[in-house]
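Here the structure is laid out as structure tokens; the discussion comes afterwards.
Bear in mind these aren't lab numbers, they're just calculated from the coordinates by the rules spelled out. Note that the structure is predicted; figures quoted are calculated from it, not measured. Neighbour counts are summed over all protein chains in view; Cβ atoms, including those assigned to glycine, are modelled from backbone coordinates with ideal geometry.
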Amino acid sequence: MKILVVGAGALGGYFGARLLENGADVTFLLRAGRARQIANSGLIVHSPFGDTVIKNPQVVSRESLAAAPTHYDVIVVGCKAYDLDDTMDAFAPAVRADTAIVPLLNGIAHLARLRARFSDANVLGGYCLISAALDQAGHIHHLNDSHQLYFGELDGALSDRVQHLRQCFAGARCEAIASERIVERMWEKWVQIATAAGMTTLMRASIGTIVSSGGASFARALFDECAAIASKAGYPLSEEAANRISSVVTDASSLVTASMMKDMERLAQVEADHLIGELIELRDNAESTRSATTADQISLLDLVMLNLRAYQRRHLAPSS
């Protein structure tokens, strides 16, 4: 399979490098600055599962792809939600009727945007479980012991293209899982990351610091709100998933801070609307008949969103 990885940041760079190590046909769609970094030093990964340096990986620019469109069997997309429209413009020349687009964004709303821009047949579900970051030199640092990538057809079919993609990962130094219930799994991750992001951005602390400071009930209450929205949307968490996520967000020893908090600490743009706002919209649409008294009450999720909006207005609003 010809695979196009959009970007070579922490996610795309990590999984793209693991595919290349495994002999897969991978090309990176890169901006000029990142292309220069990789041309100078290679694609470098530091990981508990083994370091790697990929010298001279195949690279294409937005401009060259537009000038000479090339077909790819799979396009892996790991951008932020607020960059999705521009990212779709960049990789659109690579999409054909049989191209499989595997988005690794958080949440669910991006699936509809991709299907509207391309087609239902083009879009798979996907997400990853990994903590990774780029340093100033452009090296990728894998920060935990998880490096899983899930993908699958939205209808749950174990299609030929899903099986072929799984084969591309067979033997690679990461875990690639073809899921027959990918949307349900994406909801599970959404609930977990919304809870973790809500906690850590609101309190400006790690999960462990919050919980050990007396915040376990706060964590459970926020998790319950997010899980209830998933349930009303038709994706109730299994007992196993609920117990697993609850354990993660109430772990007093956890050093985890959500990537959204890291973005706030460096005064960067955040995925407030996509990660938290979409949940609130789903909740409000499902509860359109709730009483005026209930509607006037602010929930923990509302408080999380208020905090994010205040941050955006204070730090990201254009100067007058």
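Taking amide H as placed 1.01 Å from N in the peptide plane, the amide H of G42 sits under 5 Å from that of N56, each at least 5 places away or on another chain. Around the amide H of G78, modelled in the peptide plane, lie the amide H atoms of V6, L104, all under 5 Å away and 5 or more residues distant in sequence or on another chain. With both labels modelled 7 Å from their Cα along Cα-to-Cβ, the R173 to A97 distance reads 4.1 nm. Quote the FRET efficiency, to the nearest 0.05, computed for R314 versus D83 with a Förster distance R0 of 25 Å and r equal to the Cβ-Cβ distance. The computed FRET efficiency comes out at 0.70.
Taking label positions 7 Å along the Cα-Cβ direction at both Q136 and K262, the computed distance is 1.7 nm, reported to one decimal. Within the listed set G156, G50, G42, the Gaussian network model of the chain (springs between alpha-carbon atoms below 10 Å) gives the highest mean-square fluctuation for G50. Pairing the Cα long axis of helix 216-232 with the longest principal axis of the chain, what angle in degrees results, from 0 to 90 and rounded to the nearest 10? Approximately 70 degrees, to the nearest 10. Taking amide hydrogens as placed 1.01 Å from N in the peptide plane, the amide H of V123 sits under 5 Å from those of I101, each at least 5 positions away in sequence or on another chain. If the chain between E240 and L154 were fully stretched, how many nm would it gain, using 0.36 nm times the residue separation less the Cα-Cα distance? Separation in residues times 0.36 nm, less the Cα-Cα distance, equals 28.8 nm. Principal-axis analysis of the Cα atoms of the chain puts helix 239-249 at an angle of about 90° to the longest axis.
Treating each Cα of segment 2-180 as one equal point scatterer and applying the Debye formula with no solvent, the log10 of I(q)/I(0) at q = 0.11 Å⁻¹ comes out as -0.42. The residue among A241, A92, L111 whose Cα reaches farthest toward the positive pole of the charge dipole of the chain, with charges on the beta-carbon of Lys, Arg, Asp and Glu, is A92.
Across R36, R173, R96, mean-square fluctuation computed from a Gaussian network of the chain (C-alpha pairs under 10 Å connected) peaks at R36. Ranking A197, Y14, I101 by how far each Cα lies toward the positive end of the dipole of the chain (charges on Cβ) leaves Y14 at the top. In the structure shown, the pairs K55/K189; K2/K80; K80/K262; K55/K262 are assessed against 22 Å; a Cα-Cα span above that value is assigned to K55/K189; K2/K80; K55/K262.
The alpha carbon radius of gyration of segment 185-316, expressed as a multiple of 2.2 N^0.38 Å, is 1.02. Farthest towards the positive end of the charge dipole of the chain, among the residues M1, S206, Q269, is the Cα of Q269, using unit charges on the Cβ of Lys, Arg, Asp and Glu.
Basic side chains Lys and Arg get +1 at the Cβ, acidic Asp and Glu get -1 at the Cβ, and with that the dipole of the chain about its Cα centre reaches some 740 debye. Here the dipole of segment 54-185 is about 140 debye; that uses its Cα centre as origin and unit charges on the Cβ of Lys and Arg (positive) and Asp and Glu (negative).
In the chain, the calculated helix contribution to ellipticity at 222 nm averages -13000 deg cm²/dmol per residue, counting -39,500 (n - 2.57) for every DSSP H run with n ≥ 4.
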